[in-house]
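In what follows, a single structure is set out as structure tokens and then discussed.
The values are calculated or read from the model by the stated rules, or taken from the named source; none is laboratory data. Only a predicted model underlies this, so the values are computations on that prediction, with no experimental measurement involved. Here Cβ is always computed from backbone atoms with ideal geometry, including for glycine, and neighbour counts include all displayed protein chains.
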Amino acid sequence: MIPSIFDKTNIPFLGKALDAYSLRHEVVSDNLANIGTPGYKSKRVRFEEMLGDSLGTKLIGLSRTNENHLLIGKTKDDISAQYIEQNTGDPRASGMNDVNLDHEMAELAKNQIRFKFSSQMIANIFKGLNKSIKGEV
């Protein structure tokens, strides 16, 4: 009974979104940490594809027909490498590598806002469930 309550909310979607935002934060942080490394290629998270793949399989109930397909219940660490790609280059970046400080800081700020919004949405869902259980609604 409890799993069906959570499946009727946005909690699975928001949980996957938080995993993706966390992964994006790690990748952007790595890019910033390597801004002075000669020859370093910046990386990007293919967020929309990661989220769509991980949720799409569950939503339409497809079975896994290829070993490269996502399994339901995989952790962020299991799927992270599939959705990280190296940047092809940025002409605005420093002469050492293709990391652009302004772009990376903007990505970090946008990602932080999205993470905070998603976590607040989950908190609100749990508050609503808590009120329902207590009969306050």
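Among all positions in the range 45-52, there is no residue which is at pLDDT below 60, part of a helix (DSSP H, G or I) and closer than 27 Å to Met121 by Cα. Starting from residues that are modelled with pLDDT of 75 or more and either within 15 Å of Arg44 (Cβ to Cβ) or not in a loop (DSSP other than H, G, I, E, B) (or both), keep the ones in the range 88-103 and report whichever is nearest to the chain's Cα centre (by Cα). The selected residue is His103. The single condition among (1) over 22 Å from Ile125 (Cα atoms); (2) modelled with pLDDT under 70; (3) in a helix (DSSP H, G or I); (4) over 15 Å from the mean Cα position of the chain (by Cα) that Gln82 does not satisfy is (4).
Taking the condition charged (D, E, K, R) and at pLDDT 80 or above, does Lys74 pass? In short, no. Residues of the range 104-120 being surrounded by 17 or more Cβ atoms within 10 Å (Cβ to Cβ) and of a type outside the set (D, E, K, R), which ones? Asn111, Phe115, Ser118, listed by residue number.
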